[in-house]
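Okay, structure first, notes after.
The values are calculated or read from the model by the stated rules, or taken from the named source; none is laboratory data. Not measured: the values here are computed from a predicted model. No Cβ is skipped: glycine too gets one built from the backbone with ideal geometry, and neighbour counts run over all protein chains shown.
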Amino acid sequence: MTDNNPKNPPVADLSKSLARGSVIGLQIGCVAVVLTLGALLLGLWLDGQLHTKPWLTIALMLVSMPISVYTIFRLALRAARLTPDRGRQPGEDKPSL
C-alpha cells in the first residue's frame, strides 16, 4: 500500500515541492519590487537634482518594466531547470520540443 507511484508522490515530497515553489514565488516577487522601487527612487532623486520632474522618473519606470520581466523570466527558467522531473522513469529520455 506504500508503493512509490510517481503519479502519487509521498506527502514529504509534496510538501518539499510546495516549499520550493513558495520560495521561488517569494524570490520573484521581491526582485520585481526591488527593481521597481529602485527605479522609482533613482528617478525621483535624479529629477530633484536635475529639475526635470517627472520625466526621468517616468523614463526609469518604463525602462525597469522590461528589465523586471526579463529578470523574472530568467529566474523562472532557472527554477524550472533545477526542479527534478516527476513522472518519468530513470533512464527515460526527456521529450523533445
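Results, tabulated for the structure shown:
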| read-out | value |
| --- | --- |
| Selection within region 1-36 - at pLDDT below 70 and either of a type in the set (Phe, Trp, Tyr) or surrounded by 12 or more Cβ atoms within 10 Å (Cβ to Cβ) (or both) | Pro9 |
| The lone exception for Leu56 - which of (1) surrounded by fewer than 10 Cβ atoms within 10 Å (Cβ to Cβ); (2) at negative phi; (3) at pLDDT 95 or above it fails | (1) |
| Selection within region 59-86 - surrounded by 11 or more Cβ atoms within 10 Å (Cβ to Cβ) and of a type in the set (Lys, Arg) | Arg74, Arg78 |
